[in-house]
Amino acid sequence: LVQEALLRLMVEVDTKGSPDNVRAWLHRVVTNLALSLGRRTTVSRRHAGALVCRDEPATPEAIVLDHEARSALTVALGTLPEAARTALLLAASGYQGAEIAAAIGRSDTATRTMMSRARLKLRGSLAA
């Protein structure tokens, strides 16, 4: 994570110049990278996205709830347009914005807008 943050700092300095508060900027970048890694990493089925593995056996209730949540997510993803669904799945797999935009044949801005709208629709579907 630190290596990725330092690489991002080098790109930031090359494109926009040095941030006003480099320490705060690096702290925010490392925090965001850790959160992203936590969302993408599946340590165990029971603790999907957890950064710490707890080797506890899943209870039958947890297994059923996990299955229901996955089923609801699958149905909600099925309601999205194909490009939006593909973009969200690529993002969940760790691809960056430019890579996703290239994969679906859209500009970065259009892809970000589409993904934002798709996430809102997905949240609404899952909340209902």
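The values are calculated or read from the model by the stated rules, or taken from the named source; none is laboratory data. The model shown is predicted, which means the values in this text are computed figures rather than measured ones. With ideal geometry, Cβ positions are generated from the backbone for all residues, glycine too; neighbour counts draw on all protein chains shown. Protein only, heavy atoms only, side chains kept; ligands, DNA and RNA dropped before computing areas. Shrake-Rupley method; radii C 1.70, N 1.55, O 1.52, S 1.80 Å.
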From the set of residues in the range 62-71 that are more than 19 Å from the chain's Cα centre (by Cα) and open to solvent by 100 Å² or more (accessible area, probe 1.4 Å), which is farthest from residue 105 (Cα to Cα)? 65
Can you tell me which of (1) open to solvent by less than 80 Å² (accessible area, probe 1.4 Å); (2) under 23 Å from residue 35 (Cα atoms); (3) assigned to a helix (DSSP H, G or I); (4) touching a residue at least 40 places away in the same chain (Cβ under 8 Å) is the one residue 125 doesn't meet? (2)
Scan the range 19-39 for residues that are open to solvent by 80 Å² or more (accessible area, probe 1.4 Å) and not hydrophobic (A, V, I, L, M, F, W, C) and jot them down. 20, 21, 23, 27, 28, 39
If we scan the range 72-85, do we find a residue that is assigned to a helix (DSSP H, G or I), under 20 Å from residue 37 (Cα atoms), open to solvent by less than 60 Å² (accessible area, probe 1.4 Å) and among the small types (Gly, Ala, Ser)? no
In the range 94-113, residue modelled with the highest pLDDT [restricted to those that are surrounded by 15 or more Cβ atoms within 10 Å (Cβ to Cβ) and either in contact with a Pro (Cβ under 8 Å, 6 or more places away or on another chain) or not in a helix (DSSP H, G or I) (or both)]: 106
